[in-house]
1. From the protein chains alone at 1.4 Å, what is the descending order of accessible area for Glu107, Glu169, largest first?
2. Round to the nearest 10 and report in Å² the accessible area of Ser173, as given by a 1.4 Å probe over the protein chains' heavy atoms.
3. Which order do Glu73, Glu48 take by accessible area at a 1.4 Å probe, largest first?
4. So if I average 1/r over every pair of distinct C-alpha atoms in the stretch 82-137 and take the inverse, what Kirkwood radius in Å does that give?
5. Top to bottom by accessible area (1.4 Å), largest first, where do Tyr92, Tyr49, Tyr100 land?
6. Cα-based Rg of the stretch 84-176 per 2.2 N^0.38 Å, rounded to two decimals?
7. In nm, to one decimal, how far is the modelled label at Val36 from the one at His79, with both set 7 Å along Cα→Cβ?
8. Considering only C-alpha atoms, what is the centroid distance from the stretch 128-176 to the stretch 94-125, in Å?
Amino acid sequence: MANRAARLHLLFLPLRCETVQIPKPPCDVFIPHRGVETKRNVAGLLHEYLGLNGLSSFLDCKTLMPGQRLSYEIRQAVHQCKVGVPIFSPRYCESWHCMYELALLTESGKGLVPIFWDIEPSQLQVPGHFRPRDVKRFASALDKARDTVGITFNSSTGDWAKLLGDTHEAVQSILL
């Protein structure tokens, strides 16, 4: 009876839980994109293609887990990455988050491989609905991106395999 009581007592002892921090591998490539326009096509395909070719990339919808702090994880990924591949789409510049991520990349001097997806570089403009200090910061980041040779792609007529291959090649040339 005493043995049984001792075993029952063990059931009600508080469990010791220890948190183990698993270090994340640094990402090679950060992919800022306008999710509603690109995450299920060009951004998702690029993330998978780079991974299949040995490069680690950060794509929020594929990399983050429920419960993680979005802004913290994005800042960490930008800080750790070596190259940014912003996917400029027709409504990219309307998103504060997209412009913020682009500013983080350019201000930290990361290599850029811009993809102009269904938009020409000359069409990119910072809308006036942001705070004045953000407009200036975002305009500077956009100028740097427009001044970088990128890849222009038309989703209706473009060769998707060529887009992925050209982007991978450009990223590799920056990493080497």
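The values are calculated or read from the model by the stated rules, or taken from the named source; none is laboratory data. Just so it is clear, the model here is predicted, and its values are computed rather than measured. Glycine also receives a Cβ, built like all others from the backbone with ideal geometry; neighbour counts cover every protein chain displayed. To get the accessible areas, we keep the full protein, side chains included, count just its heavy atoms, and leave off ligands, DNA and RNA. Shrake-Rupley method; radii C 1.70, N 1.55, O 1.52, S 1.80 Å.
1. Greatest to least solvent exposure: Glu169, Glu107.
2. Answer for Ser173: close to 80 Å² accessible.
3. From most accessible down to least: Glu48, Glu73.
4. It is 11.8 Å.
5. Ranking Tyr92, Tyr49, Tyr100 by accessible area, largest first, yields Tyr49, Tyr100, Tyr92.
6. Expressed relative to 2.2 N^0.38 Å, the Cα Rg reads 1.08.
7. About 3.1 nm, to one decimal.
8. 6
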